[in-house]
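This report concerns only the one structure given below.
The numbers here are math on the coordinates, done by the rules we state, and not lab data. Here the structure is a predicted model, which means the values were calculated and not measured. Neighbour counts run over all protein chains shown; Cβ positions are idealised from the backbone, glycine included.
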Amino acid sequence: MKIAVLISGSGRTLKNFIDLAAEGSLSVETELVISSCPTAGGLDHAKAAGIASVVLERKDYPSHDAYGEAIFSLCREAGVDMVVMAGFLKLAPVPDDFMNRVVNIHPSLIPAFCGQGMYGDRVHEAVLKYGCKVTGVTVHFVDNEYDAGPIIWQLPVPVIEGDDPHTLAARVFEAEKEAYPHVLNLLEAGRVKLNGRIVSIGKR
């Protein structure tokens with residue numbers, strides 16, 4: 001399965017994909033990396049792996065729609081099957097031909113602690129402030145609302161007494177490293193079935 005990966009920062013999720021694909025445990029080919037930030041560390045991972053990359057900054061486009069069209073035009077040209085958001089922090093509306101072909105991962109169990117402005121340590125701070133005993137990660141399809149697309153997979157993560165946002169984030173990221181590649185392999189195998197909002201996982 002050919003993918004484009006959208007990043008805004010360090011690219012640690014992208015690096016995980018690259019490493020797993022190299023060892024044969026992730027059945028994807030990353031054809032293109034698109035960054036919203038020219039200084040994103042993930043661009044270095046793409047370069048080191050010989051993956052084409054491009055920077056598209058939101059400020060260079062007059063609207064969200066124009067920004068999204070620029071991004072997805074490049075994805076069309078690259079001939080990708082799926083677009084994978086990996087710490088991408090900008091709104092890029094999904095065109096009709098890419099609906100249900102864009103996925104994202106969120107560091108909580110949606111619908112808790114999600115939506116506009118809820119990303120990174122903000123999520124973990126909110127989880128701790130609320131007193132949750134369990135948090136986790138959610139892989140979901142992307143529609144044109146923040147964190148509102150159909151849920152594909154969720155993996156719980158315990159909140160341990162004494163956690164701070166950084167220790168919790170580290171534990172959640174370990175779950176992300178497992179959950180996101182698992183979902184990509186399911187998609188590559190054609191096992192993800194969508195009926196309205198309900199996602200089912202078919203047999204091999």
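For Ala66, what charge total do you get from the other residues with a beta carbon under 13 Å from its beta carbon, if Lys and Arg give +1 and Asp and Glu give -1?
That sum, taken over residues with Cβ under 13 Å, equals -1.
How do Thr39, Thr30, Thr167 rank when sorted from fewest to most other Cβ atoms within 10 Å of their own Cβ?
Thr39, Thr167, Thr30
Using a Förster distance of 45 angstrom, determine the FRET efficiency expected from the C-beta separation of Glu161 and Ala66, and round it to 0.05.
It comes out at approximately 0.40.
Debye sum, Cα scatterers, region 10-94, no solvent: what log₁₀ I/I(0) at q = 0.14 1/Å?
Scattering profile of region 10-94, log10 relative to I(0): -0.47.
Take the Cα pairs of region 103-204, get the Kirkwood Rh, then feed it into Stokes-Einstein at 37 °C and 0.692 mPa s and tell me D in µm²/s.
Translational diffusion coefficient: 234 µm²/s.
State, to one decimal in nm, how far the label point of Lys193 lies from the label point of Lys47, with both points 7 Å from Cα in the Cβ direction.
Once both label points are built, they end up 4.6 nm from each other.
Would you mind ranking Met85, Met1 so that the residue whose beta carbon has the fewest other beta carbons within 10 Å leads the list?
Met1, Met85
What residues have an amide H closer than 5 Å to that of Leu6, excluding those fewer than 5 places away on the same chain, when H is modeled at 1.01 Å from N in the peptide plane?
Residues meeting the criterion, in which the H sits 1.01 Å from N, are Ile34, Val84, Met85, Ala86.
Please arrange Cys114, Cys75 by how many other C-beta atoms lie within 10 Å of their C-beta, fewest to most.
Placing the least packed residue first, the sequence is Cys114, Cys75.
In the calculated pair distance distribution of the chain, what percentage of Cα-Cα distances lie above 29 Å?
20
Would you please give the residues with an amide H less than 5 Å from that of Ile152, counting only those at least 5 places away or on a separate chain, with H modeled from the backbone geometry?
Hits under the 5 Å cutoff: Val139, His140, Phe141.
In the chain, what % of DSSP beta bridges are antiparallel (nearest 5)?
The answer is about 50 percent antiparallel.
Evaluated at 37 °C with a viscosity of 0.692 mPa s, what Stokes-Einstein diffusion coefficient in µm²/s does region 72-112 have when Rh comes from the Kirkwood expression over alpha-carbon pairs?
After rounding, the answer is 284 µm²/s.
Below 16 Å, Cα to Cα, which aspartates and glutamates can Lys47 reach? Residues fewer than 8 away in the same chain don't count.
Asp19, Glu29, Glu31
Output wanted: per-residue J couplings in Hz (rounded whole) for region 99-113, from phi through Karplus 6.51 cos²θ - 1.76 cosθ + 1.60, θ = phi - 60°, x for Gly and Pro.
4, 6, 10, 10, 10, 9, 10, 10, x, 7, 8, 4, x, 7, 6
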